[in-house]
């Protein structure tokens, strides 16, 4: 083996999307030394794909909005499976996090009074999403990337080198989170460019690796979404919570095949886009669930009026939470009312002028024009569900994002679980990563104060190195590309948007079989920028995540949010009291049911009791929240 | 439905390399990145290529297709004649790492040299008021996805390695312009610094950068030319020169 590169930092942040960068800024500003590690180039993380906006109840467009309304919307959207404390912190702190970005140079779209403009989105009672056209994620990541650069420039002035206290390790894959004596001691990985191995010794590690979409066949996620943080944390002894909940975004592109799954922003509906089937019916009126009947219009006339007068009309049903819209589209297509390519129509051309569409939805216009040859200012888009987001993730303490069970490990952003319950509202992801990215940074700062040093044993280093070398030593083994394709086929067909117990059982068997074969993956070529080699490690992570998802999905015998069981179609209040906790015993993933933390009285009282009756058992209602 | 496509893909590293011919299936609607992935999965498992979003939003899959700097994810195979061979090579202005992956660290070093945004000290978070029309000028430049195609195509560095030291390139001229036109930024003399320290004067306005920009940012017309004009203005007009010395903030003229 070539000589090992070794670094010592106070904190290693894995992932350079919004959550990771926000955590890094927080830790560096508090004086810590920080390594930021990412699989791609700096500034390319999947956050750039977020289009619609960041939800924050600033009340700039409708001053009735406040954190309590946002909290209620978030809990409703998640069907009350959310960790109440995360939803509370998120709703309270997101306005400050947005305004803070402005002090770092972000330029959001404005209202007439010159404040930050806010747009409508599914499940949000008032216009709430701070945005920049339909490229809000790019603005967030660039702003934080540039904030990191600003802090490095300051370090150059103060300490003589831009990388004296914070360095970005781009195109580096972490293969292991290392512990000594039960606590975090560092992380191990390799440079993608040349395969050279790297050891980080650090008392704190923050995982901010995003999602798991690449486990599925049709996804809006980039190649990076392979559940690395989920799997690394699981293997380091952390728990995953509620991995059965995957968000299938209702509107992904469906044609041509090569772009299948690419996201079509919810802003299209927020700006007035309507969904129709092949018969020309605006079908969403048929799919308004009981729990939402008082908030959504059941006729076209009222829907249309809502755009002009939101106080006296109910919202159009196209703006129902994503899980509802996805299921509706799925049902329409199944009933034979889909488009030629198996989707439905989404049309914004009838409501807005060409000029306004190009201004408010520029990247959508561009995307359809260049990739599908469709001019969305004149014709409808063809759309269908695509795997977009995982609600499940590392089980954390809400206030400091500390992973439960592993001292020194923190998780923020999509990789963390709990915040969104069974379904995330659009716009709550960008604000989530700001709020909890900062809190993870703060958590690490407090932890490192009491645990300032860490060192990794020679044995741990040797084990980690052996694992990286292994695929090169196997001759004539399995091909990681084909195993990946097989896994995607299994998840898509058997643990996808609609599931049955029988299918999920089959999936668990098949995933185990693929995992057994993956132990025999062999890699052609050498270590130099070798995608086949890179995929071998990603595949390992995806298999663990898929196992956790399938096993959790089998146990939950109800349909809620991003988990729909054809054999248990209704929502059941008893299941609302249960989280599914995944742990790893070194061999397989085990699931246990764990009671949800009870909602305290002051938050319980924010809701109308009749609404809570739709979600909670009579006993819970009688108790009226905990003290 | 699938047809055969002939590709020539550059394979190699910093020391040696050559174009390799392959034949691969291509389906209706596919982009060049799709066929590269198919080659990777079926014929060349270790073919190196950078990519991420596959939707023209992250700027990772920059390469040269038939000699033109482009995003592979936004280049339709059907935009080339059906029987023609497509040649794919790495970005030419930067050192190659392997196959289609180039070392673009030059750009991150230049980013470090551009003075950052400075927020007015007395403006509290949330207190800023700006008109849409005023933020739009900078927003155009903030659309940049950092694909570095403009940096790759620019003659000042494409064939002149020696210019790299003193030339920041179009990507960073729009970064400077963005900050210069930012309604809140308080740092003075950004344009002058662009001229004196970042090589703005070396640009001879051939507009190649604008032509390859996948975000259609009008780099030359809206960033470079206005900055050049104002630098000249302030430098040679005695009244403007005096003005620039007395006024507290030079900002947007």
* Could you tell me whether the range A:476-489 includes any residue that is modelled with pLDDT under 95, in a helix (DSSP H, G or I), within 14 Å of another protein chain (Cβ to nearest Cβ) and touching a strand residue (DSSP E or B) at 6+ places or on another chain (Cβ under 9 Å)? => yes
* Asked: Does residue B:118 satisfy the condition of being under 20 Å from residue B:197 (Cβ atoms), within 12 Å of chain A (Cβ to nearest Cβ) and surrounded by fewer than 15 Cβ atoms within 10 Å (Cβ to Cβ)?
  -> no
* Qualifying position, being part of a strand (DSSP E or B), within 9 Å of chain B (Cβ to nearest Cβ) and under 26 Å from residue A:5 (Cβ atoms), among A:198, A:149, A:168 -> A:168
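Going through the range A:502-527 one residue at a time, which ones are within 14 Å of chain B (Cβ to nearest Cβ) and without any contact (Cβ under 8 Å) to a residue 12 or more places away in the chain? Explain how you work it out, then say what you get.
Of the residues in the range A:502-527, the ones within 14 Å of chain B (Cβ to nearest Cβ) are A:521-527.
The answer is A:524, A:525.
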* To do: Quick one: which residue in A:590, A:530, A:572, A:541 is away from chain B (no Cβ under 14 Å) and within 30 Å of residue B:101 (Cα to Cα)?
  => A:541
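Name the helices (runs of 4 or more DSSP H) wholly within the range B:72-179 that hold at least 3 residues that are out of contact with any helix residue (DSSP H, G or I) (no Cβ under 7 Å at 6 or more places or on another chain)?
Once the helices (runs of 4 or more DSSP H) in the range B:72-179 are filtered for at least 3 residues that are out of contact with any helix residue (DSSP H, G or I) (no Cβ under 7 Å at 6 or more places or on another chain), what remains is B:105-113, B:132-142.
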* Structure fact -> The number of residues in the range A:231-283 that are in contact with a strand residue (DSSP E or B) (Cβ under 6 Å, 6 or more places away or on another chain), more than 14 Å from chain B (Cβ to nearest Cβ) and closer than 21 Å to residue A:78 by Cβ is 12
* Looking at A:469, A:489, which is the one that is surrounded by fewer than 17 Cβ atoms within 10 Å (Cβ to Cβ) and under 30 Å from residue A:244 (Cβ atoms)? -> A:489
* **Subset of the range A:101-115 that is out of contact with any helix residue (DSSP H, G or I) (no Cβ under 6 Å at 6 or more places or on another chain) and over 14 Å from residue B:124 (Cα atoms) - its residue that is nearest to the other protein chains (Cβ to nearest Cβ)** => A:114
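Quickly run through the range A:26-72 and pick out the residues that are away from every other protein chain (no Cβ under 13 Å), at positive phi and surrounded by fewer than 22 Cβ atoms within 10 Å (Cβ to Cβ).
Residue satisfying the conditions is A:31 alone.
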* Pairs where the first residue, in the range B:36-50, is more than 8 Å from chain A (Cβ to nearest Cβ) and the second is assigned to a loop (DSSP other than H, G, I, E, B) and at pLDDT 90 or above, C-beta under 7 Å, 6+ apart -> B:36/B:49; B:39/B:47
* Asked: Residues in the range A:240-260 that are buried (at least 24 other Cβ atoms within 10 Å of the Cβ) and assigned to a loop (DSSP other than H, G, I, E, B): how many?
  -> 5
* Being more than 12 Å from every other protein chain (Cβ to nearest Cβ) and touching a helix residue (DSSP H, G or I) at 6+ places or on another chain (Cβ under 7 Å) is the filter here, so list the residues in the range B:51-67 that pass it. => B:63, B:65
* Structure fact -> Within the range A:136-171, residues being on the phi < 0 side of the Ramachandran plot and either in contact with a strand residue (DSSP E or B) (Cβ under 8 Å, 6 or more places away or on another chain) or modelled with pLDDT under 95 (or both) number 12
* Considering residues of the range A:73-100 that are under 20 Å from residue B:132 (Cα atoms) and surrounded by fewer than 21 Cβ atoms within 10 Å (Cβ to Cβ) only, the residue nearest to the other protein chains (Cβ to nearest Cβ) -> A:99
* Assess whether residue A:560 counts as being away from every other protein chain (no Cβ under 14 Å) and surrounded by fewer than 21 Cβ atoms within 10 Å (Cβ to Cβ). => no
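The values are calculated or read from the model by the stated rules, or taken from the named source; none is laboratory data. Please read these numbers as outputs of a predicted model, since none were measured by experiment. FYI the Cβ positions are ideal-geometry reconstructions off the backbone, even for glycines, and counts take in every protein chain you see.
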